[in-house]
Amino acid sequence: MKLLLLRRLSTRLAFKQTVTFALLVVLLAWSAYALLARRIYGQVDDELQDRAIAVRSMLQIRAGNVKWLNAEADPEVRAQFERSMRYYELLNDEGRTLDVSRAMSALHLPASTALPLQSDHITYQSVTAGDSHIRILDVPVLGLAGNHYLLRIGGSLDEADEDCRRLQLFFFALVPFFILAHMANAWIMATYSLRPLERTSAAAKQITPFDLAKRLPISGRGDELDELSTSLNAMISRLQSSFQRMTEFLRSLSHEIRQPLTVLRAETEQALRLGNSETNYRDMLSKQLEHVELLARTVSDLMDLAQSEGEQIKLQREKEDLSELVQAAIDGMRPQALEHGIQLSGTVQQHVIGAFDAGQIWRLLLNLLDNAIKFNHPAGHIDVILAVRNELAIISVTDTGSGIITEDQIHIFERGYRAPSARKSNVPGTGLGLHFALGIAEAHGGKIEVTSVPGKGSCFRVSLPLLPGATTGDALTSEIHRDAPIN
């Protein structure tokens, strides 16, 4: 089947090329034939003019009488004269024939009704007599008494016609040969050129979402097909990486969802079997509420992932005071931090004005603070700093937690990525928080940077551009450090 399709495609390409080539060859052949035929018949006309000169040099007309002087001419001129006298006629200004050869008389040419007045005006005509094709030249002649005469000299076109027929046969034989040869060559070249495409097509059919390790073949010739295959291979590599991350994300997500659901079921069954006091019920319901919140957060992350898939996060910017947003996030997360025995403090510069989406900035801050709490040590500390430097608002979130190894720091902002240490711990998560935080910062024209020392803590630094010319006149609520410390 593939071979049949390849032959059909090769035939179509060869046919299209052959049609164009055939039109070009026919046009060139017709032009060449026209030029050569014109040259052949032009030689006949030139020869008639030479004969007319020879005849006029031998002609003498006195009082309407014609006298020939060929006896006194030299042999070369006389020979030219004798060849010219087969088709010959002399007419006076009234159109009456004064002298005519037998062959010309047999043609029964009509008398000229109007003789040319200029001595250099000559005309040609072609006549057919039986199987003969004759070319006639009309030349004006001036007599000794000033009278005008018309001299007609003819020559056979049979030889010229035969040359043109042979020329036609030559072109009729040569043109189809060239067209057929080009067709065969075009088909062979098309078939040869399409073989790499067939191999590429066969390789592409072997690439599936479950087997993205294969690549399209590259011949190494550096042609357009190699460039296309290289671009497609790069795209397949990106798809493979994305698919692998998505697979890992779904595997982790399945675990994160299955675990709280299993615990919820077990605790509910236990409460139904053993619960005999209000205190027991309240404790079990409190634990179940934590798992429900985890499930709700997971579902929310999934919805955000679906909405942001393939496009940037859409913002609804308004003029906002970033100081109020940061302070509200600190105050809102402080109770959660205290539940884990962690101290949360903030150093916030006042009146930091910019064009922000308050909801998205709030989400970014909660993601950073939530991670700082979850991955911190008991009795740990979190320090949040907001400062302005060079028209940029800098938000630093520093914790005294477990830190992030260098190999994981370049991946933590990838969608669905969780470090091996995080997956092994009992800390719940989906690997989407930092991915969305980076997307929010970049959507605002900013960025997020991380510095971390394993075992000592991490610092996430968010840079957001402010409104041009924005002022931050109030003093700091406390001392601002140039860099957030890592304890």
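The values are calculated or read from the model by the stated rules, or taken from the named source; none is laboratory data. Remember, predicted model here, so these are calculated numbers, not experimental data. With ideal geometry, Cβ positions are generated from the backbone for all residues, glycine too; neighbour counts draw on all protein chains shown. For the accessible areas, the whole protein counts, side chains as well, though only heavy atoms, and no ligand, DNA or RNA atoms are used. Shrake-Rupley method; radii C 1.70, N 1.55, O 1.52, S 1.80 Å.
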Members of the stretch 198-236 found to be of a type in the set (Ser, Thr, Tyr) and either crowded, with 16+ Cβ neighbours inside 10 Å or assigned to a helix (DSSP H, G or I) (or both), listed by number: 200, 201, 229, 230, 231
Subset of the stretch 122-138 (residues that are open to solvent by 10 Å² or more (accessible area, probe 1.4 Å) and part of a strand (DSSP E or B)): 123, 124, 125, 126, 127, 128, 129, 132, 133, 135, 138
Among the candidates 221, 166, residue that is modelled with pLDDT of 90 or more and basic (Lys, Arg): 166
Test for residue 266: is it at pLDDT below 75, over 30 Å from residue 434 (Cα atoms) and of a type in the set (A, V, I, L, M, F, W, C): yes
Qualifying residue in the stretch 71-88 (condition: open to solvent by 60 Å² or more (accessible area, probe 1.4 Å), within 14 Å of residue 141 (Cα to Cα) and modelled with pLDDT under 80): no
Members of the stretch 454-482 found to be modelled with pLDDT of 90 or more and of a type in the set (A, V, I, L, M), listed by number: 462, 464
Boolean, residue 39 is open to solvent by 100 Å² or more (accessible area, probe 1.4 Å), of a type outside the set (Phe, Trp, Tyr), at pLDDT below 85 and at negative phi: no
Unmet requirement for residue 184, which otherwise passes all of (1) assigned to a loop (DSSP other than H, G, I, E, B); (2) modelled with pLDDT of 80 or more; (3) within 30 Å of residue 18 (Cα to Cα): (1)
Yes/no for residue 404 being within 19 Å of residue 431 (Cα to Cα), assigned to a loop (DSSP other than H, G, I, E, B) and touching a residue at least 40 places away in the same chain (Cβ under 8 Å): yes
Residues of the stretch 385-396 that turn out to be surrounded by fewer than 24 Cβ atoms within 10 Å (Cβ to Cβ) and among the hydrophobic types (A, V, I, L, M, F, W, C), as a count: 4
